[in-house]
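Comments concern the structure below.
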Amino acid sequence: MKAIIGGTGIDKDKRFLEGMERIVTKYGETYYSVFDGIIYLPRHRPGHSLPPHMINYKANVQGLIDLGVDELISIYAVGSITRRLSPGRFGLVKDFIDLAYSRENTFYDGSTRDFRCTPFVEPFDRKLGALFARNAVTAGYAIAMDSVYITTNGPRLETPAEIMAYRNMGADIVGMTLGTEAALLKEAGIRNAAVAYSINWAAGLDAEGVSFLEDESIERLSDTIISIAVKTLSQC
């Protein structure tokens, strides 16, 4: 099975809202819908009801495992730190820095003596990402490549001093969910291509403060990304 995980903006698409079903996993419940053979999982639950630090990431990923998902595209709304991925654009995430805390970000929780240290030299599936990129270019979009995503805990936004520090650490974009989710997906052996789209400049980088794209612009970006993701997964 193939799947798409979406959060802010993306999960307003009807495929994340209609025909929702509940699945109960050993880590708790999660929700999903199925359209044309693709599973759509709203990261924050239907209605975007959970903030990033309260998402049951283990239940979400375990739900995908239980549903037989082996390949997915995960989509993230972010703030821009560098011009590699500026507001209004989208592209592939190459790597990440995880600064989130007090989250269950591993399946190795002491309940079993079997564990392994999962390699993260390549956090995301190169072939799946390359296919997404080719489909985007074919559709006429110049997408950003090789962005580094830094994960903060949330739900508050970052300070200008933090953003300056993150930039010095090598981050191009900032969000609150990828690091936790990507770690669990990697442990689960699910091939994952991460796509980010920027909806604002991060704190201290916009003269107006933190101003977000208008809803119409976010909706157009969402439609474009989901369309390319669906095409990509149908070719796998």
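Worth pointing out:
- Given (i) 195; (ii) 137; (iii) 120, the label whose value is volume of the Cα convex hull per residue in Å³ derived from this model: (iii)
- In sequence order, segment 5-22 has phi-based couplings of 9, x, x, 3, x, 4, 6, 8, 4, 4, 5, 8, 10, 9, x, 5, 10, 9 Hz under the Karplus curve 6.51 cos²θ - 1.76 cosθ + 1.60, θ = phi - 60°, and Gly or Pro positions carry x.
- Whole-Hz Karplus values for segment 174-189 come out as 10, x, 10, 10, 4, x, 5, 5, 5, 5, 5, 4, 5, 4, 6, x Hz, taken residue by residue from phi with 6.51 cos²θ - 1.76 cosθ + 1.60 and θ = phi - 60°; glycine and proline positions read x.
- Between segment 218-236 and segment 98-142, the alpha-carbon centres lie 19 Å apart.
- On a per residue basis, the chain carries 47 Å² of accessible surface, using protein heavy atoms and a 1.4 Å probe.
- Taking amide H as placed 1.01 Å from N in the peptide plane, the amide H of F96 sits under 5 Å from that of Y149, each at least 5 places away or on another chain.
- Taking packing as the residue-averaged number of other Cβ atoms within 10 angstrom, the listed peptides 115-127, 76-88, 138-150 run from highest to lowest as 76-88, 138-150, 115-127.
- Taking every DSSP helix (H) stretch of at least 4 residues in the chain, weighting each as -39,500 (n - 2.57) and dividing the sum by the residue count yields a mean residue ellipticity at 222 nm of -8500 deg cm²/dmol.
- Taking the average, over residues, of other Cβ atoms within 10 Å as the packing measure, peptides 176-189, 90-103 rank 176-189, 90-103 from highest down.
The values are calculated or read from the model by the stated rules, or taken from the named source; none is laboratory data. These numbers were taken from a predicted model, which means no experiment stands behind them. Neighbour counts run over all protein chains shown; Cβ positions are idealised from the backbone, glycine included. To get the accessible areas, we keep the full protein, side chains included, count just its heavy atoms, and leave off ligands, DNA and RNA. Shrake-Rupley method; radii C 1.70, N 1.55, O 1.52, S 1.80 Å.
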